[in-house]
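In what follows, a single structure is set out as structure tokens and then discussed.
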Amino acid sequence: MTPATVLVVEDEIIIAKGIERQIKKLGYVVAGTAATGEEAVRKAAELRPDIILMDINLGDGMDGVAAATAVRRESGTPVVFLTAHSDDDTLQRAKLAEPHGYVLKPYEDKDLQTTIEIALYKHQMECRLRENEQWLAATLGSIGDGVIATDARGRVRFLNALAEQLTGWTQADALDRDLRDVFHIVHEKTRRPATNPAVVALEKGESATLDPDTILIGKDGNERPIDDNAAPIRDVAGRVSGAVLVFRDVTERRHLEDHLRQALKMEAIGRLAGGIAHDFNNITTVVTGFCELLLTGDLSPHDHVDAIRRIHEAGTRAAALTRQIMAFSHKQLLVQCALNLNTVVRDMGSMVERLIGADVAFVADLAPGLGPVNADPTQISQVILNLTANARDAMPTGGRLTVATANVELGDETVRSHPDVRPGRYALLSVSDTGTGMPEDVLVHMFEPFFTTKGVGRGTGLGLATVYGIIKQSQGHAEVTSRVGTGTTVRLYLPLIDEPPAVADGDGVRAEKGHETILLVEDDATVRRVAAVILRESGYTVFEASSGLDAIALVERYPDPIHLLVIDLVMPHLPGREAAERLTRLKPGMRVLMISGCSGEMPVQQQEAQKAAADFLPKPFGLGDLTAKVREILDRA
């Protein structure tokens, strides 16, 4: 082992020589000597000794305390003070230099050696500690998560670079502040303060995670969705001495999940393309065939009425099919309502049959008197579609698909095996197939995102994960049972509610007639003609315009009141919302009904109407839909 090198700093030459002899006798190497503070600082930098023995009083110039302070700042070499003075003032001054030891003259060789060895060991430990701190800081600074550490009182002790970026706080500004000031989080929907996992870790001494849908509000006011967890930090005695919080910005993950969900919807639409084309061809055959018969004029009065009724039914079927396509092919705002699952299954019947093909028998076993649930009908339709597609893939040679509903009661037994389930009354939606089934090791992963038993390119692995997410979002419960060679059953439980299901408006019955004046602005001549005839037959005075600019010119020439503007949102030259704003300035008090059949996202159209403080009616609409909406707006106080 190489002996330690020592720099001796002593202004008395005789004493310095005596110290040198002692050092050599104890087995150390004398790197050199210095008589002044300035010389000590210079030689410490040049010789790089392992330790310095320094007298506090060095005569004129820089004394030992100042020299030790300079050495510690520039090279970090440990210093042991040698002095004959032990008064309080000297001791207090010596502490300022943070020495590694202090030996009073006269001293024994054993005392000096012990002090040197302790100083060297202490310096070694400090070096290791600094290296560990630098290593830890570099590690925490390079990871892709924000990290904040606190003391036992919840005061900030450390932020890595990403935590500084996400919170907007620098470590210097955040030190010793309450964590809740630096890490300000709220629930995304309610905007109420969210429970801080680090605070939970400090109080309970156990790991904690963040509530879903939590927003971090930075110092600059920027908001971002985050995901995080916290764990307590314990000292050697096992006491909680602080907490570490690890968090990340999940904005990009949310975008990715949205894109993947969209891909899943489009995958379903691709599967349905053939059936949709078949249905539309049937509808157009009915419409064109009966129209040609009507145009010949050869039909009897009874057949004439029947033909018109058949055309109307075909149009209604086309509208329903279009709404289903829109629901699955476009992003849509969630609209939860009181819903009867039997209604959704019936509406999805033809789509399901097209999807599973002719070699799979479809059975709908719907319980009479099924109670209502609170859910989004589009999402429930997507659930049925996803489960149906999985069932079809499990029956490549044919079989039977059964969709059943029932009122059930989940009691304590279910709750014990599924702690996330609340006891109570539920509506059960089950989808069963007679397919290949699944072994237990596959079954336990069925609701995991991206897990799939299909080959590459045959699925996203998000089908059942999406189903699970939708059901949990509606406070429900999902479970799967399966046996190899027998088939699979997916059971979905949604809590029953007391509110009765909503009844669709616009049943084809014309609303009460009116007498007001209406301005109808629609660029499609046929649609404008139909709407105008419906409104005039209902007693209204109707002015027509084919564009927003034509409507403005008409209003500028018309001096009397116009009670209602019915305008298409999407038109060339001047968009409907902008035209409505200009028209309502010309006719203050005129109410507005916006209509649209745009194939884009319907929620976007509704938002456009809301910006113009207008009502909204989507196309296609029937006689009852239009007249009821018009009457509702005009009668509104």
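Descriptive notes on the structure:
- Exceeding the 21 Å Cα-Cα cut-off - candidates LYS25/LYS105; LYS24/LYS105; LYS587/LYS619: LYS587/LYS619
- Hull volume in cubic angstrom per residue (convex hull over the Cα atoms of region 5-137): 104 Å³
- Point-to-point label distance, ILE217-ILE15, nm (Cα→Cβ direction, 7 Å offset): 6.5 nm
- Added length on full extension, which subtracts the Cα-Cα distance from 0.36 nm per residue, LEU104 to HIS573: 159.2 nm
- Here the Karplus curve 6.51 cos²θ - 1.76 cosθ + 1.60, taken at θ = phi - 60°, turns the phi angles of region 548-553 into couplings of x, 5, 5, 5, 5, 4 Hz, with x standing for Gly and Pro.
- FRET efficiency, ASP60 to GLU126 (Cβ-Cβ, R0 30 Å, nearest 0.05): 0.40
- Over 12 Å [Cα-Cα, region 157-209], rounded percent: 69 percent
- Gyration tensor (alpha-carbon) shape descriptor, region 517-635, a/c threshold 1.5: rounded
- On the beta carbon distance between VAL186 and ASP306, with R0 = 51 Å, the FRET formula returns roughly 0.25.
- Backbone phi angles across region 478-485, fed through the Karplus curve with coefficients 6.51, -1.76 and 1.60 (θ = phi - 60°), yield HN-Hα couplings of 10, 8, 10, 10, 7, 9, 4, x Hz in residue order; Gly and Pro are listed as x.
- Exposure proxy shown here: for MET62, MET125, MET351, the number of other Cβ atoms within 10 Å sets the order, fewest to most, as MET125, MET62, MET351.
- When the alpha carbon gyration tensor of region 143-249 is reduced to an equivalent ellipsoid, the three semi-axes, largest first, read 21, 16, 11 Å.
- Using the average count of surrounding beta-carbon atoms within 10 Å as a protection proxy, the listed peptides 35-42, 564-571 rank, highest first, as 564-571, 35-42.
- Residues whose amide H comes within less than 5 Å of that of ARG177, counting only those at least five positions distant or on another chain, are VAL156 (H built at 1.01 Å from N in the peptide plane).
- 3J(HN,Hα) from dihedral phi, region 307-319, Karplus parametrisation 6.51/-1.76/1.60, rounded to Hz, x for glycine, proline: 5, 4, 5, 5, 5, 4, 4, 5, x, 5, 4, 5, 5
Bear in mind these aren't lab numbers, they're just calculated from the coordinates by the rules spelled out. These figures come from a predicted structure and were not determined experimentally. Note that each Cβ is placed from the backbone with ideal geometry, even for glycine, and that neighbours are counted across all protein chains shown.
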